[in-house]
Amino acid sequence: MSAPQTLPATARYTWGGDEFLFVEIAEEMSLPGNLRAMGIARGLAGLALDGVVDICPANASLLIRFDPDVLEPASLESTVRELEARTRSETNTVLSTRIVEVPVWYDDPYTREVVGRFREGYHQDPTGTDLDYAARVNGLADAAEFIHRHHTQPWIVSMVGFVAGLPFLFQLVEREHQLEVPKYLSPRTDTPKLTVGHGGCFACIYSVRGAGGYQMFGIAAAPIFDPAQKLADFAESMVFFRPGDIVKFTPVSEQEYRRIEAGTFRYRRPGRVRHRAGHRRPRGLQRHPAGGAPWRVSARSRSASPGWRPPSRTAGGSGTTPSAFPRAERWTSTRRSWPTRWWATSTVRRCWSAPTWGRLYARWLRSTSRSPALRCRCR
């Protein structure tokens, strides 16, 4: 197991002209640093200070834009330092987030065509493909094993940027098990829209077509950026992803991709998951028998509403279906089929390690794959 990552005692504060305050939590990306940046950003947003124009959390920092005619720079810095001290001293910080399942057509013809055009002079291995190269530098047998490792573990959206709507994702596994792949030697001038890329330890999804330097592994099927906000899932924002989202890549076939691409895809809300930290077990979860994952899903339901059926039980008395959500929703069972994407709201506490959260989430995903999909009927 990797050693715990420590952060500097205090962040570094610098000014960008008259309107920007830059707060650097650490020089390198780490999950504790990223969660601290998100904690400060959300704390500042919660204060709703007059004069704060925009708050942009990043991998291990945040940038704040403000109006100096409304808000004194010294007053803003003092407020942010107080928020930093508060997040640094807290051991049980809660961040509300979502679980998002992203359908991906791996090794698709669109990215393969672009890969073929940018080899000599651009790539470390002009004779192969990006997937073959990624598998080799990670010591894996082949591209299929790399794809398996890519989609079987959850990722967290550490920031949204570079171009509008593009999420950067950090894999929630032990650091020594993270997939790492160098960027292209020289950037491409073309990258297909919704390409799933990878550079260093970060994955990303290109929101628009354009230049790029990340290795290309496939293409996402559903939209993540809608400037016109015509789609129902973008009513609140033209950008879908938010820092803190938990992402699970799901392989789909060409047929499934075509179905989703046709425009019938919608984000769905199957309920809420609450994860408790410290010595108290997460709500609705029970200790797994020795030798297994640290937590398992147990059954909870408000009532036997129409269409609801009790989950199957194991010898230990706890169910294996994902009914372990707080009692705000009623459930009916329906056949799993694309195009669907299921996401849940959850609260992630900072004292949980990335591997612990990853194992918990992987356990939940395995449960959903063994039983019919759940559709929520909200009150």
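The values are calculated or read from the model by the stated rules, or taken from the named source; none is laboratory data. Just so it is clear, the model here is predicted, and its values are computed rather than measured. With ideal geometry, Cβ positions are generated from the backbone for all residues, glycine too; neighbour counts draw on all protein chains shown.
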message: Which residue is farthest from the chain's Cα centre (by Cα), if the candidates are limited to segment 208-239 and must be closer than 20 Å to LEU172 by Cβ and among the hydrophobic types (A, V, I, L, M, F, W, C)?
response: PHE217
query: When only residues in segment 55-72 that are assigned to a strand (DSSP E or B) and not β-branched (Val, Ile, Thr) count, which is surrounded by the most Cβ atoms within 10 Å (Cβ to Cβ)?
result: PRO57
task: Kindly indicate whether any position in segment 108-131 is assigned to a helix (DSSP H, G or I), β-branched (Val, Ile, Thr) and touching a helix residue (DSSP H, G or I) at 6+ places or on another chain (Cβ under 7 Å).
output: yes
- prompt: Within segment 157-206, how many residues are under 20 Å from GLU120 (Cβ atoms), among the charged types (D, E, K, R) and out of contact with any helix residue (DSSP H, G or I) (no Cβ under 9 Å at 6 or more places or on another chain)?
  reply: 1
query: Can you pull out the residues in segment 47-59 that are at pLDDT 95 or above and more than 17 Å from TRP15 (Cα to Cα)?
result: LEU47, ALA48, LEU49, ASP50
message: Checking the condition in a helix (DSSP H, G or I) and among the acidic types (Asp, Glu), which residue from GLU77, GLU101 passes?
response: GLU77
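Yes/no per residue for (1) touching a residue at least 60 places away in the same chain (Cβ under 8 Å); (2) of a type in the set (A, V, I, L, M); (3) crowded, with 16+ Cβ neighbours inside 10 Å; (4) part of a loop (DSSP other than H, G, I, E, B):
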site: ARG136; (1), (2), (3), (4): no, no, yes, no
site: GLY139; (1), (2), (3), (4): no, no, no, yes
site: HIS150; (1), (2), (3), (4): yes, no, yes, no
site: SER158; (1), (2), (3), (4): yes, no, yes, no
site: LEU169; (1), (2), (3), (4): yes, yes, yes, no
site: GLU176; (1), (2), (3), (4): yes, no, no, no
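Run down LEU83, LEU95, LEU140 and say which single residue is touching a Leu at 6+ places or on another chain (Cβ under 7 Å) and more than 30 Å from ASP226 (Cα to Cα).
Going through LEU83, LEU95, LEU140 in turn, just one is touching a Leu at 6+ places or on another chain (Cβ under 7 Å) and more than 30 Å from ASP226 (Cα to Cα): LEU83.
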- prompt: Counting only residues that are surrounded by 16 or more Cβ atoms within 10 Å (Cβ to Cβ) and more than 23 Å from the chain's Cα centre (by Cα), which one in segment 21-48 is nearest to PHE170 (Cα to Cα)?
  reply: PHE22
Check on ARG136, within 25 Å of ARG259 (Cα to Cα) and of a type in the set (Lys, Arg): no
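What residue, among those in segment 172-195 that are modelled with pLDDT of 95 or more and acidic (Asp, Glu), is farthest from PRO223 (Cα to Cα)? Can you show your working first?
Initially, segment 172-195 is screened for residues modelled with pLDDT of 95 or more, giving 179-195.
With acidic (Asp, Glu) added as a condition, the list becomes 180, 190.
Working: GLU180: 26, ASP190: 19 Å.
Selected residue: GLU180.
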